[in-house]
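The values are calculated or read from the model by the stated rules, or taken from the named source; none is laboratory data. Computed from a predicted model, the values in this text were never measured in an experiment. Using ideal geometry, Cβ is built from the backbone for each residue, glycine included, and neighbour counts are taken over all protein chains shown. SASA here: full protein model, heavy atoms, side chains in, ligands and nucleic acids out. Shrake-Rupley method; radii C 1.70, N 1.55, O 1.52, S 1.80 Å.
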Amino acid sequence: MNEPRLTALEAENARLRALVGQYRRQAVMLAQRHERLGRFFLAERDANRAVASRIVAENARIRGEAERASVDYEHDLSELRQNEARQTLLMQELAHRVKNTLAMVQAIAAQTLRNAESLDAAAESLGARLIALAQAHDILIQGSWSSVDLRSLVDGALALHADADPGRFRVSGPDLTLGPRPGLTFALMLHELATNAAKYGALSATTGHVAIAWTVEDDETGSHLNFRWEEIGGPPVKPPTRTGFGSRLIERSLVHSFGGSVSLEYPVTGAALTLRAPLSAVIADAG
């Protein structure tokens, strides 16, 4: 082989080796680039996974809060509905009680005016009876209009006639809780009895007093309330010549309200009332 040809082959080999070296360098660069891209994509993947996890956790938190808010909303809505129902019931109950009270006031006014000797006497009697009714209402309000203690009712009705002398009234009886309607009827009855006693009976004399007592008695027909008002030590008493408001209230209203029996007598020693009524008709409803 001649010299020029060898030289050409060596040159070609050198060129080829240079190309191989260039390709190797390019391959290394491509590998490094691919490695960097791989690390970048792995980092992006991990970052996206972290973001996705945070999004999932946030969605779960929001969903939990929404569920709790929904439960709270339903609870609040149910409570609002219950409050509305209670308010409606209270308004109906209030309207019922106002109607009953107005009917009672109308009856008191009509009977007072019918039996009054003059307008002045009617005004005085009506005012006193309305005050007694208002005092009974005050006591009922303290019991949320559902009940009234009989002893408190007696003490309140007789307070105006005690004359700072505790001996004017001698009260005895067990604790007993009356319903609202029996409480009002009892209050008016006591007012009428005390007013008559102050005008004509035992309370019109310094030596007179009133004994008030009640008991609960059980028999074969059930439990009964026995109530007794007895005037002692006053001037001689005569039966009234005509039936007034107080007598009609005692003789009719009590029997009508309680379904029992009542006796109003006028012995010389003083007026005496005896009331017997089924306990279930006068006591407050436990429910």
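Packing, taken as the mean count of other beta carbons within 10 Å per residue, orders the peptides 196-202, 268-274 from highest to lowest as 196-202, 268-274. To put it simply, the accessible area of the range 28-75 at a 1.4 Å probe is 62 percent carbon and sulfur. With θ taken as phi - 60° and the Karplus curve 6.51 cos²θ - 1.76 cosθ + 1.60 applied, the whole-hertz 3J(HN,Hα) list for the range 264-269 is 10, 10, 10, x, 4, 6 Hz, x standing for glycine and proline. Taking θ as phi - 60° and the Karplus parameters 6.51, -1.76 and 1.60, the scalar couplings of the range 34-50 work out to 4, 5, 5, 4, x, 4, 4, 5, 5, 5, 4, 4, 5, 5, 5, 5, 5 Hz in sequence order, x denoting glycine and proline.
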